[in-house]
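Reading through the structure tokens given below for one structure.
The values are calculated or read from the model by the stated rules, or taken from the named source; none is laboratory data. Keep in mind that this is a model prediction, so the values were computed, not measured. Every residue, glycine among them, receives a Cβ derived from its backbone with ideal geometry; neighbour counts consider all protein chains shown. Protein only, heavy atoms only, side chains kept; ligands, DNA and RNA dropped before computing areas. Shrake-Rupley method; radii C 1.70, N 1.55, O 1.52, S 1.80 Å.
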Amino acid sequence: MNNRINQKLAEDSKVLSIYFTAGFPTLEDTRKVMLTLQNAGVDMLEIGLPFSDPLADGPTIQESSTAALKNGMSSQKLFEQLEGVRDEIHIPLIVMGYFNAMLQYGVEAFCKKCNELGIDGIIMPDLPLEIYQKEYQEIFEKYNLHNIFLITPQTSDERIRLMDEVSNSFIYMVSTASTTGSNAGFGDEQMQYFKRISKMKLKNKLVVGFGIKDQETFQQATQFTKGSIIGSAFIKHLTENGVDSIPDFVKTIR
Amino acid sequence: MKARNPYLADEAGFYGKFGGAFIPEMLYPNIENLKQQYLSIIEEESFQNKLNDLLKDYVGRPTPLYFAKRMSEKYGAKIYLKREDLCHTGAHKVNNTIGQILLAKRLGKKRIIAETGAGQHGVATATACALMGIECIIYMGAVDIKRQAPNVSRMKMLGAKVVPANSGSKTLKDATNEAIRDWISNPENTHYIIGSVVGPHPYPDLVARFQAIISKETKAQLLEKEGRENPDYVIACVGGGSNAAGLYYHYLDQEEVQIIAVEAAGKGILTTESAATTALGKEGIIHGSKTLLMQNPDGQITEPYSISAGLDYPGIGPMHAHLFESGRAKFVSITDEDAMQAGLELSKTEGIIPAIETAHAFAIFKEMKFKKDDVLVFNLSGRGDKDLQTYIDYFGF
Ligand SMILES: Cc1ncc(COP(=O)(O)O)c(C=O)c1O
């Protein structure tokens, strides 16, 4: 499998990826947010499909999800909004959500739709490796979709190697044991962890997420890795300053 | 080798197509560790001895199997009540928390978290933590904190910290989300004591094993009273399904015993205010388990409603989803109104004020007729002290 994600990862520079919640701040902002982020120089986008019970998310993403659902966002709606997205967006696109949404839409129908729209990857934190391998890997691959796995500081080397086998783009390194939006910054412990995993010489690239909020944390996170993903800090900025100020946020990162 | 009981969890934690562990990677090390160790630990003789001593001298087991004479006369069947309301702390929940606290200690955990709806599981967890001198944090929906105030005070008196869950419907589902998020953020020193047969494998199996004492005792007690181990019916209310799992456990493979599960219909299954999962739900994933749950076509989980905080949950444990789909159990849903009347009736007929959760089971007589010689065992899962204010407001005492 080879798509826009692989091409982006093959470039020399570090990758800045932004997570945003679809249908937020208003229902029809999805495309505008995407275009503005691309034009501001962001390398990759994670389109957050909001879920009523986002177990891995902290308050910021929970609140944006609740607001987006109230606005009327759904899988169906998102797919409608993404019609023709490849006419204007050229950077890699990843859909991130919770597995129940896929299950209700139909896993194959969901993947097929993603493929038709030009989506490159999927992140479902609550779809575990074993079940993915057993039941869904074939479907994802049939539609040229990378499934991105998460690892944490507690994940064993053995398990990381397994994920490295099964994937062929990047591994999503969760920076600290926490839900999204932790604000603590990175200390020695995180730096050691980033370094430790980078020394494993995996075939997949490493991209760090959770807790990246500014230039300093972005640089720390990418010192030993290929890139990093910003979610809560971006949503906070968007909530406070609106869509038009997105370029200001991106400038503060690099 | 004995044939596998088709109603219990397989190796991967599936009951038919339901169950499993659909968890974010952050929870994997904890869940995996638990999965690897729980069976061997709880089967150790020293573990069993400690557990049985505490169940006997601290919890007050065995709980009586009481023949309810006046109810029996009224409804023309032999009605027995398994008196879990007489357990220390007033409900069956303590059977599980005592077991899990011993397990947590064996796993070397120093901090306990739990969710609670009615507050019974919160109180039972706080009690077990006080007993062992372990730090205890309870997540409880803000709505439930209001409607189960006496239990909030009890938890605090027992030394637990009660943290309100303010997301979603501010009830049991949301408290469970918060507890899981806490576990994600505290992956090393913390054990999560789930209060029902829900959540990722191995929890449904673990909790069912600790509650199975209910049917183990029932069998022996019924043999003494009726000359037979098996009743014609076992009847229990289902929130997540732990008291029901306990009463059903040793009867699951006894096909002549009919299993009745009572869900909360809230204001009725045709309204938007209900918690009747099998009537209104569809297969999906909630709290790490594939089961039946109330959700919209997009897969967003519905905010449930029931007058009883302990049944106000949009899912049921995977064991129960399988019992429903396989037809092994019959599911009935009971409205707030019928449950409240049944609670009043049991109070006046037998002198026992039940928890509102439990009262749902006793409304079964509105829905089903029994024969004169039928032997019925109800799980009297908890007492109604915590619900007094709700009863007072409802009936205007
Ligand atoms: C007395 C009592 N019965 C029943 C329940 C419902 O839980 P479960 O279905 O797990 O037994 C509760 C939950 O709080 C309870 O307090």
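Tabulated results
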quantity	calculated
Net dipole in debye of segment B:68-143 [+1 Lys, Arg Cβ; -1 Asp, Glu Cβ; about Cα centre; nearest 20]	280
Chains A and B, summed buried accessible surface - 1.4 Å probe, Å², nearest 100	2700
The protein assembly as shown - Rg and Dmax from Cα coordinates, angstrom	25.7, 84
Ranked packing of A:217-225, B:124-132, most packed first, by mean Cβ within 10 Å	B:124-132, A:217-225
Out-of-range pairs (alpha-carbon distance over 26 Å; input A:K236/B:K146; B:K56/B:K173; B:K93/B:K156; B:K173/B:K282)	A:K236/B:K146; B:K56/B:K173
Selection from A:N115, A:S156, A:N71 lying farthest towards where the dipole of chain A points positive, charges on Cβ	A:S156
Environment charge of B:T127, counting only residues whose C-beta is closer than 10 Å and scoring Lys/Arg +1, Asp/Glu -1	+2
Semi-axes of the equivalent ellipsoid for segment A:14-249, Cα gyration tensor, largest first, Å	25, 22, 16
DSSP-loop trypsin sites (Lys or Arg not before Pro) across segment B:52-156, with at most 14 other Cβ within 10 angstrom	B:K110
Long-range HN-HN contacts of A:V208 with modeled amide H, under 5 Å	A:M173, A:G227, A:S228, A:I229
Residue-averaged [θ]222 nm for chain A, counting only DSSP H segments that reach four residues, each worth -39500 (n - 2.57)	-12000 deg cm²/dmol
Nearest-20 debye value, segment A:38-180 charge dipole, Cβ charges on Lys, Arg, Asp, Glu	220
Max mean-square fluctuation residue, GNM over chain A, Cα-Cα springs under 10 Å, options A:G106, A:G41, A:G185	A:G106
Environment charge of A:Y98, counting only residues whose C-beta is closer than 10 Å and scoring Lys/Arg +1, Asp/Glu -1	-3
Set B:K82/B:K109; B:K161/B:K216; A:K14/A:K201; B:K50/B:K170; B:K290/B:K369 screened for pairs whose C-alpha atoms are more than 27 Å apart	B:K82/B:K109; B:K161/B:K216; B:K50/B:K170; B:K290/B:K369
Two-decimal log10 I(q)/I(0) for segment B:249-292, as the Debye equation yields it once each C-alpha is a single scatterer, q = 0.18, 0.32 Å⁻¹	-0.74, -1.00
Of B:Y75, B:Y248, B:Y192, the one that fluctuates the most in a GNM where chain B has Cα springs shorter than 10 Å	B:Y75
Partnerless Cys - chain B, beta-carbon criterion under 4.7 Å	B:C87, B:C237
Anisotropy class of chain B from Cα gyration tensor, a/c 1.5 cut	rounded
Net charge contributed by nearby residues that have their C-beta within less than 11 Å of B:A276 (K/R +1, D/E -1)	-1
Contact order normalised by residue count of segment B:230-355, Cα under 8 Å, 6+ apart, percent	26
GNM result for chain A, Cα springs below 10 Å: residue of A:A22, A:A177, A:A101 fluctuating most strongly	A:A177
Chain B - mean residue ellipticity at 222 nm from DSSP helices (-39,500 (n - 2.57) per run, n ≥ 4, rounded to 500)	-12000 deg cm²/dmol
Neighbouring partner chain Cβ atoms per residue of A:100-106, average, 10 Å criterion	6
GluC sites (Glu not before Pro) within segment B:237-323, DSSP loop, no more than 11 other Cβ atoms inside 10 Å	B:E255, B:E256
Inter-part distance where segment B:225-285 and segment B:58-111 are each reduced to a Cα centre, Å	17
Neighbouring partner chain Cβ atoms per residue of B:181-189, average, 10 Å criterion	4
Alpha-carbon centroid distance for the pair segment B:169-217 / segment B:6-31, whole angstrom	13
